[in-house]
1. Going by what's in this entry, would Tyr54 be described as among the hydroxyl-bearing types (Ser, Thr, Tyr), in contact (Cβ under 8 Å) with a residue 24 or more places away in the chain and more than 14 Å from Gly108 (Cβ to Cβ)?
2. Run down Gly30, Gly59, Gly70 and say which single residue is among the small types (Gly, Ala, Ser), touching a strand residue (DSSP E or B) at 6+ places or on another chain (Cβ under 8 Å) and at negative phi.
3. Checking the conditions here, which among Glu29, Glu120 is in contact with a helix residue (DSSP H, G or I) (Cβ under 7 Å, 6 or more places away or on another chain) and among the acidic types (Asp, Glu)?
4. Out of the stretch 70-96, which residues are more than 20 Å from Asp217 (Cβ to Cβ), surrounded by fewer than 22 Cβ atoms within 10 Å (Cβ to Cβ) and touching a helix residue (DSSP H, G or I) at 6+ places or on another chain (Cβ under 8 Å)?
5. For residues that are out of contact with any Lys or Arg (no Cβ under 9 Å at 6 or more places or on another chain) and without any contact (Cβ under 8 Å) to a residue 40 or more places away in the chain, tally how many sit in the stretch 196-215.
6. Exactly one condition in (1) touching a strand residue (DSSP E or B) at 6+ places or on another chain (Cβ under 9 Å); (2) closer than 29 Å to Lys269 by Cα is not met by Ile6; state its number.
7. Name the one entry in Gly68, Gly125, Gly90 that is in contact (Cβ under 8 Å) with a residue 24 or more places away in the chain and in contact with a Leu (Cβ under 9 Å, 6 or more places away or on another chain).
8. As an exercise: evaluate Asn258 against (1) under 21 Å from Thr135 (Cα atoms); (2) of a type outside the set (Asp, Glu); (3) crowded, with 16+ Cβ neighbours inside 10 Å and give the number of the one condition it does not meet.
Amino acid sequence: MDHQDISSDFPFKSNYVDIHGSKIHYIDEGSGDPIIFLHGNPTSSYLWRNIIPYLSSCGRCIAPDLIGMGKSDKPNIDYRFVDHVKYVEGFIEKKGLRNITFVIHDWGSALGFHYAMHHEKNIKGIAFMEAILKTATWNDFPKDFKLGFRLFRTPVIGWLLIVVMNIFIEQILPKAIVRNLTEKEKNYYREPFKRLKDRKPIRRWPNEIPIDGQPVDVTEIVQYYSRKLQESDLSKLLFFANPGGIITSTVVEWCQQNLKNLKTIDIGKGIHYLQEDNPHLIGSELAKWYKSL
């Protein structure tokens, strides 16, 4: 695909809603049943900019910025997974969203799966990519990742790498995309985290990954939704890439064997932020799948 076709513009109107005393920023395009796009670490609704135009004629595309991220407020909270849950659920309740289809990625996937498996009657379908499908062990990590993530989870070094050196924005994000981000795109991703104190959410996320049973609460949450997901008849769509980041060929096989009513789509080359490598294929296939629901 020609990378020139990937727009760096973010031509959407900003909307804000008050949730638990903080403003959540979101995009709201089109009308009909809600299609909720949830991003993860260290991104924002900007990640979905080239995909939403494919869906806005099919339904009401809503892409919030998670609390503390994007243009949403940055309250002084811990930014644990369970904190994000309260804001996402608060957002869905306050907006009165029914018959939801989720399009989810990274930590947004854990938030979406968690909500969907507790409110299955309110869900129409789930599309996911580079998602957190089950708990991990340190052995699941490729060697080059393992050391990094172990360091991210240590108090002082993790703080230096993520908060001071801003490694997630400056290195991990661009290196987990096959094409080169433009300076304009990098600046969009840098914008919410200009100040050290605003990097707290980015710092917290790697510490929330359920590895070898830690943290206990997130481990239990992921184990629960992973089990429920395998029992669920909801329509599911998985986008995967080669080599992929957290959804490797082994995980794709696991999904095909364990998830009912699943369609899988290979987007070609990609690592973790697939929306930056092949948004047009993702968008057009999402629209086709959505119309079939």
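The values are calculated or read from the model by the stated rules, or taken from the named source; none is laboratory data. All values derive from a computational prediction rather than experimental measurement. Ideal geometry is used to build each Cβ from the backbone, glycine not excepted, and the neighbour counts take in all protein chains shown.
1. yes
2. Gly59
3. After applying the criteria, what remains is Glu29.
4. Across the stretch 70-96, the qualifying residues are Lys71, Lys74, Ile92.
5. Residues in the stretch 196-215 being out of contact with any Lys or Arg (no Cβ under 9 Å at 6 or more places or on another chain) and without any contact (Cβ under 8 Å) to a residue 40 or more places away in the chain: 2 in total.
6. The number of the failed condition is (1).
7. Just a single option satisfies the conditions, and that option is Gly125.
8. Of everything listed in (1) under 21 Å from Thr135 (Cα atoms); (2) of a type outside the set (Asp, Glu); (3) crowded, with 16+ Cβ neighbours inside 10 Å, Asn258 misses just condition (3).
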